[in-house]
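Have a look at the structure below, then the notes.
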Amino acid sequence: MENLLPRGTGDDSDPNLGFPHFLEGVDPEAKCLDGSPALYYHRAGWGSGVNSWLLFHEGNGFCGDLDGCFNRAGSWAGSSKAESEKSRYNMTAQSFMFSLDSQMNPLLYNWNHVFLRYCDGGYMSGHREGEVPVSSNTQGLGPKSVKHMYFRGRVITDAGIVDLVRSRGMEAADRVVIAGCSSGAIRTFSHADYLVEKIKSEMRSFRLLEGKLNCSDDEEADFPPTHFAIFPDSGFYIDTDLYRNPKQFLVSPKGHNATALLNKRCVDAQPKDRGPETCLIGSVVAEHLDTPWFSSQSRFDWDQLDCEITDECAKDPICVNEYGGTVTKTMHDRLLTRPVRSHGALLDSCDRHCGNDPHSLPVGERTGKTVLQLFADWWTLNFDAKNSESRGGNIDGSGTEKVIFDSQESQKYPCDDCCAWRSSASTTDSEAPKPEKANYQTVLI
């Protein structure tokens, strides 16, 4: 990985770098596919962001059968063997969300930034005990070698939260944004409510342990509220047979057994011909979440075109535009038709999957803002701690949650100009005044 510096740089003052924290000391069962210890990278926040946290999940597909898991275990996606305590990670280059530029990234630029390494192949949610011996040749042809697989995603998840709360200072978090790209975004959508409740529970447990809190619930009022939201990038996949069926191995007891973290309302809502794997699809689980979400999504995401439609369709602009119309309609349904919670999105028409350069982000047609700037506005509108007493309260004190949505949905595929960035000022820039209440609309369309 070009972002990994396995032996450090000799300059740990480089603000772009994150430092590794292995989880074997928290739980020895927090293992990657190949049995090596799971880990995350952290760089500290400062100023107004010293108690605010961005938890970003790495993406990299999933392994949907034993052969795939066998091969994955020998790579970056299934192992931490290339990493050590001396490793450093260039987090700024990994995602636009890690930008340190307050103009480009007006909300998140000075928060604690956490890069959660994805090395279990099952959306960090597998839950099988013991070792799973896997042959290199499950078809019975040619010589065999055997690896012992570990499906420990749930243990990795829980151990990571424990370490962040007890050892990195997340116990005092006032703001937590859970994010990710690609499969990291799918993980963010699918497990959002579990992650939020787990963080809350661990914060309370640690306060009890430290004597900062007794058993009385009334004492919780002495702590400032923690606001939570998710910010998935390129994770609003559509429910198609081509995409859904390969996920069955993920939820099978003979596969990853990855059901414990799924949204229960989503699972219970599925018809008889749909299994729990359906709730590993962003657009499906999104309507069942309690956790507010803001989606960064392309209508023509090249990975979605690759795995959700046929090769023939992907080569036909008319067919691709029909798929983009489905994405648009589904997003409208989740945001505008039934805006029962504070959600939001920028739905662009760029031929992209994820994004790492804040200088080359698409902008909305109506606001001229990037997704980072819109996300900052959305957060201020719904969670500004100076004007809100509870989750979802607004600066006007009404308590009515509001949606921010912009798009490039008038554009057709292929769109050469949709990926271009234009300079725009954010209303939530640290140096800019906050907007007047009247400037906010319930839905920006």
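Does the stretch 45-53 contain any residue that is part of a strand (DSSP E or B), of a type outside the set (K, R), surrounded by 24 or more Cβ atoms within 10 Å (Cβ to Cβ) and in the same structural domain as C119 (by TED's automatic domain parsing)? Yes, that holds for at least one residue.
Of all residues in the stretch 159-174, those being among the β-branched types (V, I, T) and buried (at least 22 other Cβ atoms within 10 Å of the Cβ) number 1.
Number of residues in the stretch 255-277 that are outside any loop (DSSP other than H, G, I, E, B) and out of contact with any Pro (no Cβ under 9 Å at 6 or more places or on another chain) equals 5. Within the set D239, D273, the sole residue that is among the charged types (D, E, K, R) and modelled with pLDDT of 95 or more turns out to be D239. If the condition is being within 17 Å of R166 (Cβ to Cβ), touching a Gly at 6+ places or on another chain (Cβ under 7 Å) and of a type in the set (A, V, I, L, M, F, W, C), then the stretch 1-54 contributes only L23. Look through the stretch 334-369, keep the residues that are assigned to a helix (DSSP H, G or I) and either outside the structural domain of C307 (by TED's automatic domain parsing) or in contact (Cβ under 8 Å) with a residue 40 or more places away in the chain (or both), and return whichever of them is nearest to L289 (Cα to Cα). Filtering the stretch 334-369 for residues that are assigned to a helix (DSSP H, G or I) and either outside the structural domain of C307 (by TED's automatic domain parsing) or in contact (Cβ under 8 Å) with a residue 40 or more places away in the chain (or both), the one nearest to L289 (Cα to Cα) comes out as R334.
Considering Q297, Q304, which residue is buried (at least 23 other Cβ atoms within 10 Å of the Cβ), of a type outside the set (D, E) and assigned to a helix (DSSP H, G or I)?
None of the others qualify; the one that does is Q304.
Being in contact with a Phe, Trp or Tyr (Cβ under 6 Å, 6 or more places away or on another chain) and outside any strand (DSSP E or B): is that true of G64 here? Answer is yes for this residue. Condition check for S388 on (1) surrounded by 15 or more Cβ atoms within 10 Å (Cβ to Cβ); (2) modelled with pLDDT under 90; (3) not in a loop (DSSP other than H, G, I, E, B): one failure, at (3).
Only one entry of K272, K264, K254, K329 meets the criterion of being surrounded by fewer than 24 Cβ atoms within 10 Å (Cβ to Cβ), out of contact with any helix residue (DSSP H, G or I) (no Cβ under 8 Å at 6 or more places or on another chain) and outside the structural domain of F96 (by TED's automatic domain parsing), and that entry is K329. The condition of being closer than 16 Å to Y194 by Cβ, buried (at least 20 other Cβ atoms within 10 Å of the Cβ) and either assigned by TED's automatic domain parsing to the domain that holds M149 or without any contact (Cβ under 8 Å) to a residue 60 or more places away in the chain (or both) holds for only one of T259, T278, that being T259. Tell me yes or no: at least one residue of the stretch 22-37 is surrounded by fewer than 22 Cβ atoms within 10 Å (Cβ to Cβ), within 19 Å of the chain's Cα centre (by Cα) and not charged (D, E, K, R). The answer is no; no qualifying residue exists.
The values are calculated or read from the model by the stated rules, or taken from the named source; none is laboratory data. Fair warning: this is a prediction, and the values are worked out from it, not measured in the lab. Note that we place each Cβ from the backbone using ideal geometry, even for glycine, and neighbour counts take in every protein chain shown.
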